[in-house]
Structure formats: structure tokens, C-alpha cells
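Here the structure comes first, spelled out in C-alpha cells, and everything after it is commentary.
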Amino acid sequence: MEVKELKEKVKQVLQKYQLDESVLVDILHDIQAECGYLPKEVLEETSRGLGVPLSRIYSVATFFKAFSLEPRGRHLIHVCTGTACHVRGTVKVLEKMEQALGIKTGETTSDLKFTLETVNCVGACALGPMVIIGENYHGEMTPETVGPVLENYN
Ligand code: FES
């Protein structure tokens, strides 16, 4: 997305919230939904638009794990590293995932297809190791099922 386009999206979101800085978290959430992530230009535009110091915008944007200052992939992968999944072999699944994608946990593939993250228990322990891709839950994952599961996403 072009910088001009990003700034336009910010403007639209700020208008929707009537420039009310008390809902900064909601504003950043909506802006991220529109732009995919929160690049520097977007945070600067938000700061200007709201008349709020950039440092305050950054502190909110970096405090919440849901916000990303880096581009994210179209598909967000969460590998569960909770205790039950760990016992059932999640480490090997995560290693295979990193290997298959050619990235480390926390990174995004260069084609912006996948972002790989870990999560601590998603409440489906009996089906571990669990991998969540977008809205889809994949249970009883093994290193062998990583490749076939990833092939379902384009
Ligand atoms: S520990 Fe993975 S779902 Fe509970």
C-alpha cells in the first residue's frame, strides 16, 4: 500500500472516531485492520491527526501484542507452546514450521504469505499439538503434517 493511501486510511478511521484520543486503542485497531500493520508513517499521521505526541502513540502500539509495527503475512500462524502441547511434541512441529517457511518464530515470509508466532494454550489441549492458522484449528500436528497443512493456504 502506498504511503498516500495509508494516510488516507488513517484519516478515514480518525473521522469515524471523531478525533477522540480516548479511544486510541480502538483507533489503532481499526487502522491496523485497514493497513495490515502499523508502519511509521501511519503512526505519525495518527499523532498529527489526534494532536497526541508520537511517543504516546508508540507506547500504546508497542504495549499490546495485537499490534504489529512490521508487515504481517496474509495468514497468521499460531503454534501452541502451552504445557499440554509441549508434552505432545510441539517443539518439533515448530521447528518443522520454521524450516518449511524459512523463517524464525516472530517473523514473516518475504512474500508476505505467512507470519509465524507462538501462543500459550488455546483451550484444545486434548488435541495438541495445536496450530491455528487464521481462524482454522489444526489438531494433532506432527512434523509430517506441517507441509500438507501449509499447502492449503495460498
Ligand atoms: S496447551 Fe496447547 S491447547 Fe492447551
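The values are calculated or read from the model by the stated rules, or taken from the named source; none is laboratory data. This one's a predicted model, so the numbers in the text were calculated from it and none came from an experiment. Here the Cβ positions follow ideal geometry from the backbone for every residue, glycine too, while neighbour counts run over all protein chains shown.
Would you check which residues across region 13-39 are outside any helix (DSSP H, G or I) and under 21 Å from the mean Cα position of the chain (by Cα) and list them?
Narrowing region 13-39 to residues outside any helix (DSSP H, G or I): 17-20, 36-39.
Hits for region 13-39 are G36, Y37, L38, P39.
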Within region 88-109, is there a residue that is exposed (fewer than 14 other Cβ atoms within 10 Å of the Cβ), farther than 14 Å from I27 by Cβ, modelled with pLDDT of 95 or more and in contact with an Asp or Glu (Cβ under 9 Å, 6 or more places away or on another chain)? yes
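Among the residues of region 1-49, which ones are of a type in the set (V, I, T), without any contact (Cβ under 8 Å) to a residue 24 or more places away in the chain and over 25 Å from E107 (Cβ atoms)? Reasoning before the result, please.
Quick first cut of region 1-49, residues of a type in the set (V, I, T) only: 3, 10, 13, 23, 25, 27, 31, 42, 46.
Still in the running and without any contact (Cβ under 8 Å) to a residue 24 or more places away in the chain: 13, 23, 27, 31.
Within region 1-49, V13, V23, I27 qualify.
What helices (runs of 4 or more DSSP H) lie completely within region 40-97 and have 3 or more residues being more than 13 Å from the chain's Cα centre (by Cα), away from the ligand (no atom under 16 Å from the Cβ) and not basic (K, R)? So that I can check it myself, show each step before the final result.
Values: elements: 40-50, 54-63, 83-87.
It comes to 40-50, 54-63.
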Residues that are part of a loop (DSSP other than H, G, I, E, B), within 16 Å of the ligand (Cβ to nearest atom) and out of contact with any helix residue (DSSP H, G or I) (no Cβ under 8 Å at 6 or more places or on another chain): does region 104-117 have at least one? no
Of the candidates G128, G134, the one satisfying the condition of being within 10 Å of the ligand (Cβ to nearest atom) and either over 23 Å from F67 (Cβ atoms) or surrounded by fewer than 16 Cβ atoms within 10 Å (Cβ to Cβ) (or both) is G128
Yes or no: region 118-126 includes at least one residue that is in a loop (DSSP other than H, G, I, E, B), touching a Lys or Arg at 6+ places or on another chain (Cβ under 9 Å) and in the same structural domain as E98 (by TED's automatic domain parsing). no
